[in-house]
Amino acid sequence: MSGDTDNRRECDFCAHRCRIPPGGKGLCGVRYHVPVAGTQSGERSGEIVTTVYGEIQAAAVDPIEKKPLYHFLPGSTAFSVALGGCNFRCRFCQNDHIAFADRLGPPRAHWEPPDLLAAWKRSRSPTIAFTYTEPGVWQDYVIDCARLARPEGARIVMISNGFLTPRAVERLLPLVDGFNIDLKGDEQFYRTLCRATDAPVIDTIRRVAPHRHLEVTTMLMERFHDSALLGRLEEELHHAGVQVWHLSRFHPAGSMLGERATSETFLQDALRSLRRGIPYLYAGNSRFYENQQTMCPQCDTVCITRGSVAEDHTLRGACPRCGHLLYGVFS
Ligand code: SF4
């Protein structure tokens, strides 16, 4: 964060880089510039603070596959937590009641990082997932929890829209073991439906891919995603070194309840149209079982099956037939 002459301070959590006046909030509605005058004791005057810090809007134990993370401790669970807030305003948001700051209800609990650590231990999950809303806008909480929980053996994953600054990525990389980042579409898609842009998301993907476990998700909408666009996204992800890409079906949500759900045929055609620049391609929100299995890219043996539960048949990530080491975190 940096200051300037009119007493505004810039928030460097995300690529909006809001310049927030004293007493004001950023676009996400959860980052607040504490004014110097009238500061109550204990508040950090002149700083930008996260108003929802520790205010838990959702907490649940989910299969890790639901994040979706298919190559990160397959078959395990993730203790999944959300504070309120998001830096996008997606018209199709399924979690707008906890993502949009102006719609937030009272939190379910207040958990300082030691409380979250205790709750994670009770969950008996190997992983803590920061998810459901946009953890980038409350990354100070992610960082504080990760600093406490990783030495206790927790794996940390973040499910994010990827609209981060390079500085934020630098802060998060040493403390987050795995990411799922949405690449929603092209520039026009982001501008029309999310009030955002695509370039910072692509930049985050490029910065994360060489260093941390990364899976990317694109939700397909029939009116917006054609094969030419998917080809361009595939090219982009291939160049970034992305190994795992989830293409999932859209179901009407948010203010787009009138939009048609994406059909299974559209999803299957989309998968077939790709040139296999990404080794592991999956179908999400789909009844087609075969597009949810992990096959060995070398000998085509089924390595991980995903029905009602996921079963990992690898030998600590190695194909049981040819020994090829699959991309991912397996122990
Ligand atoms: S997190 Fe993003 S949207 Fe929120 S105040 Fe900071 S720069 Fe603005």
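Computed from the C-beta positions of ARG316 and GLU235, the FRET efficiency with R₀ = 25 Å rounds to 0.15. DSSP beta bridges fully contained in the stretch 222-331 are about 60 percent antiparallel. Both radii are taken from the alpha-carbon atoms of the chain; with Rh as the Kirkwood radius, Rg/Rh is 0.97.
Label zone (VAL61, point 7 Å along Cα-to-C-beta; backbone nitrogen cut-off 17 Å) within the stretch 121-138: 121-130. Near ALA15, the amide H atoms lying under 5 Å from its own belong to LEU164, THR165; only residues 5 or more places off or on other chains count, and H is placed 1.01 Å from N. Each Lys and Arg adds +1 at its Cβ and each Asp and Glu adds -1 at its Cβ; summed about the Cα centre, the chain shows a dipole of about 200 debye.
In what order do VAL302, VAL309 fall by count of nearby beta-carbon atoms within 10 Å, going from fewest to most?
Details: VAL302 15, VAL309 9.
In order of increasing Cβ crowding within 10 Å: VAL309, VAL302.
Subtracting the Cα-Cα distance of MET295 and ALA253 from 0.36 nm times their residue separation leaves 11.9 nm of extension gain. Residues whose amide H lies under 5 Å from that of THR127, counting only those 5 or more places away or on a different chain, are PHE79, ARG155; hydrogens are built 1.01 Å from N in the peptide plane. Under the criterion of Cα pairs below 8 Å and six or more residues apart, the relative contact order for the chain equals 13 percent. Taken one residue at a time, the phi angles of the stretch 177-191 give Karplus couplings (6.51, -1.76, 1.60, θ = phi - 60°) of 7, x, 10, 10, 10, 7, 10, 7, x, 9, 3, 5, 4, 4, 5 Hz. Gly and Pro are set to x.
Only helical DSSP H runs with n ≥ 4 go in: add -39500 (n - 2.57) per run for the chain, normalise by residue count and round the 222 nm mean residue ellipticity to 500 deg cm²/dmol.
Working: 7 runs with 67 residues, N = 331.
The helix contribution divided over the chain gives -6000 deg cm²/dmol.
Rounded to the nearest 20 Debye, what is the dipole magnitude of the stretch 134-198 about its Cα centre when Lys and Arg each give +1 and Asp and Glu each give -1 at the C-beta? Don't jump to the answer; show the numbers that get you there.
Values: 8 positive and 10 negative charges, 17 e Å.
Using only the charged Cβ atoms, the result is roughly 80 debye.
Net length available on complete extension from ARG272 to ASP226 is 15.3 nm, with 0.36 nm assigned per residue and the Cα-Cα distance removed. The distance separating the Cα centre of the stretch 282-317 from that of the stretch 237-252 comes to 16 Å.
Every number in this text was worked out from the coordinates using simple rules, so none of it is lab data. Computed from a predicted model, the values in this text were never measured in an experiment. Note: ideal-geometry Cβ built from the backbone for every residue, glycine included; neighbour counts use all protein chains shown.
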